[in-house]
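First up is the structure itself, then whatever we jot down about it.
Please treat every number below as a calculation from the coordinates, not as lab data. Being a predicted model, the structure only gives us computed values, none of them experimental. Quick reminder, even Gly has a Cβ in these numbers, built from the backbone with ideal geometry, and neighbours come from all protein chains shown.
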Amino acid sequence: MDLGIQDRVAVVTAASRGMGRAIAEALAAEGCKLAICSRDSSAIAAAAEAIRGGHGTAVFHKAVDVSDIDALRAFVAEARAALGPVSIAVANAGGPPGGRFENFGAEDWQAAFRLNFLSTWALIESVLPDMRAQRWGRVVSLTSTSVRQPIEGLILSNGVRASVVGMLKTLAAEYGPENILFNNAGPGLIATDRLLSIAQRRADAAGIGRDEMIERLASQTALRRVGQPQEFAAAVAFLCSERASYVTGSSLMIDGGLVKAV
Ligand SMILES: NC(=O)c1ccc[n+]([C@@H]2O[C@H](COP(=O)([O-])OP(=O)(O)OC[C@H]3O[C@@H](n4cnc5c(N)ncnc54)[C@H](OP(=O)(O)O)[C@@H]3O)[C@@H](O)[C@H]2O)c1
């Protein structure tokens, strides 16, 4: 299927590896011009080089910590100057640390809020004028299945990510008349560095090997396997596309059937 987004400018944050990188690759394969960031300057430069080489598309990159709102705004401004008005924005970031209620104080909650909510807000605030001028826009947040079913031991993520979905659902109604669509994508168990390190920690605690822990986790899904970043990215690329023209305010779990609720 031609997604109909050739030459659109897409911003994908936290995109040097994992799902962000896979989404950037999927959009580049559709002919989008890309602006990508992550904190590590050599990692994001290497990702940009690989995407350019693989797809022959223009890629602007910068080392940015998305928790730094001013840096994020400056990144979008530079991306616009380099590539043109932004049509597509994918808000990704690292995840907040795991733990229970008693492990965290106000500063931890503020840091999690900056990392996962304010970064999404600032990205949207920065790209919205371009989308309004074009009367075309796609915004996708990358959260977690925890927005449907909170995950034990991840109280910061469970608390803050739900607020992202609340904001997007509201924006879908406010900007629907201007043809700007807001959707959320919730990964379940996607085989990235982050999943491997979480699996390793849990395996150590349970006194088993990492592969056995991954099998145990995967057995909770309908498909009995973890997903690949490319499988996640294919669904997000659709949400970013012309073909998703009547999809807004939705929260799509890309989880192989991990969430059990209807
Ligand atoms: N994998 C899963 O199964 C799963 C499930 C549910 C939710 N999630 C969530 O999905 C998101 C992406 O996860 P992933 O598995 O793709 O992770 P990953 O493989 O560890 O990749 C994370 C990416 O984000 C960048 N990054 C991290 N913190 C950043 C920050 N503050 N500012 C800018 N870039 C940042 C990293 O690059 P730098 O290190 O260079 O900054 C890297 O490119 C995370 O929020 C994670 O919690 C993942």
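Structure notes:
- Dipole check for segment 15-141: with +1 at the C-beta of Lys and Arg, -1 at the C-beta of Asp and Glu, and the Cα centre as origin, the magnitude is about 420 Debye.
- Rg ratio (alpha-carbon, reference 2.2 N^0.38 Å) - segment 1-158: 1.06
- Kyte-Doolittle at least -1.0, axis length at least 30 Å by Cα - qualifying DSSP helices, the chain: 155-175
- Given charges at Cβ of Lys, Arg, Asp, Glu: segment 135-262 dipole, positive-most of 227, 191, 249: 249
- Under 27 Å from residue 62, Cα to Cα: lysines that are on another chain or at least 8 residues apart: 33
- Build a GNM of the chain with springs between Cα atoms under 10 Å apart, and of 15, 133, 206 the one that fluctuates most is 206.
- Pairwise FRET efficiency - residue 68 versus residue 149, Cβ, R0 = 30 Å, nearest 0.05: 0.45
- The chain - mean residue ellipticity at 222 nm from DSSP helices (-39,500 (n - 2.57) per run, n ≥ 4, rounded to 500): -14500 deg cm²/dmol
- In this Cβ point-charge picture (+1 for Lys and Arg, -1 for Asp and Glu), the chain has a dipole of about 320 debye about its Cα centre.
- 15 Å beta-carbon shell around residue 94, net charge (K/R +1, D/E -1): +1
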